Amino acid sequence: MEKVQVNDCEDVLLSMKMISVNLSEIIDKLDRKNIKLMIQKILESKRIFLMGAGRSGLVAKAFAMRLMHLGFSVYVVGETTTPAVRPEDVVIAISGSGETHSIADLGKIVKDIGSTLITVTSKKESTLGRISDVTMILPSKTKNDSDTYGYLERNIRGGYKTMPPLGTSFEITSLIFLDSIISQLITLTGASEAELKSRHTNIE
């Protein structure tokens, strides 16, 4: 790569500001009824399965880890030790577009099994959004959106030099949202920090 001189961090700060503004706007649009329903389904579940592709898959794994810390029986779809899903289980899908083929196809299988499907997405009318028992909408830009915020035009005109790439907005928003779900679960279950730490891996 050609040597590049770094003169300032304008784009770093601008991107952070754009993400924080987007997050503030999304908070006001969240469906509290669906948040409550999602939490209720998690609390009533026998086992919880998380699934997502790419960076959304990493968000799913991060949420699964926190649920494990809380003492839930939780698995990540696709791992070699993940057991079969049963009707009494809850499956949570993370997909910005709600159309990622692998995850949407798995969502259909989940419904055929009779399990509860919860989807965290930015597209209510997507494949996953339509078939899910609970659809948690986080209105954000995804990698499949066609220049949703006029990014290319602003770039040409010099309005904004950059913005978070691809699905970053959704991924960060979903990570924060799901960690906030954990905060609510801690309150509801009365779990202590010591309990959470006791379940954290001790061989890393």
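The values are calculated or read from the model by the stated rules, or taken from the named source; none is laboratory data. The structure presented is a predicted model; accordingly, all values stated were derived computationally and were not measured. Ligands, DNA and RNA are stripped out before the accessible areas are found, and what is left, the full protein with its side chains, is counted by its heavy atoms. Shrake-Rupley method; radii C 1.70, N 1.55, O 1.52, S 1.80 Å.
Within the accessible area of the chain, what % is carbon and sulfur when the probe is 1.4 Å and the other protein chains stay in place? All intermediate terms of the calculation are to be shown ahead of the outcome.
Numbers: 6560 of 12070 Å².
Within the chain, the accessible surface is 54 percent carbon and sulfur.
Distances between placed amide hydrogens fall under 5 Å for Gly98 paired with Ser122, all partners being 5 or more residues away or on another chain. Put simply, the amide H of Met136, placed in the peptide plane, has neighbours under 5 Å in Thr119, Val120, Thr121, leaving out anything fewer than 5 places away on its chain.
Considering only Asp179, Asp105, Asp89, the mean-square fluctuation computed in a Gaussian network model of the chain, springs between alpha carbons under 10 angstrom, is largest for Asp105. GNM on the chain, alpha-carbon springs under 10 angstrom: the most fluctuating residue among Thr168, Thr100, Thr80 is Thr80.
Between amide H atoms placed 1.01 Å from N, distances below 5 Å from Phe49 occur with Tyr75, Val90, Val91, Ile92, all of them 5 or more places distant or on a separate chain. The angle between the Cα long axis of helix 168-189 and the longest principal axis of the Cα atoms of the chain comes to about 30 degrees, rounded to the nearest 10. Roughly what angle does helix 54-69 make with the longest principal axis of the chain, taking Cα atoms, 0 to 90 degrees, to the nearest 10? Helix 54-69 sits at roughly 40 degrees to that axis. Residues in segment 110-127 carry Karplus couplings, in order, of 4, 5, 5, 5, x, 6, 7, 10, 10, 10, 9, 8, 9, 10, 4, 8, 7, 4 Hz; the curve used is 6.51 cos²θ - 1.76 cosθ + 1.60 with θ = phi - 60°, and Gly or Pro positions show x. With the cut-off at 1.5 for a/c, could you classify segment 1-64 from its C-alpha gyration tensor as rounded, prolate or oblate? Oblate, because a/c is 1.5 or more while a/b does not exceed b/c. The base-10 log of I(q)/I(0) for the chain, evaluated at q = 0.13 Å⁻¹, reads -0.76 [Debye formula, identical scatterers on Cα atoms, solvent excluded]. The relative contact order of the chain comes to 22 percent, based on Cα pairs under 8 Å that sit 6 or more residues apart.
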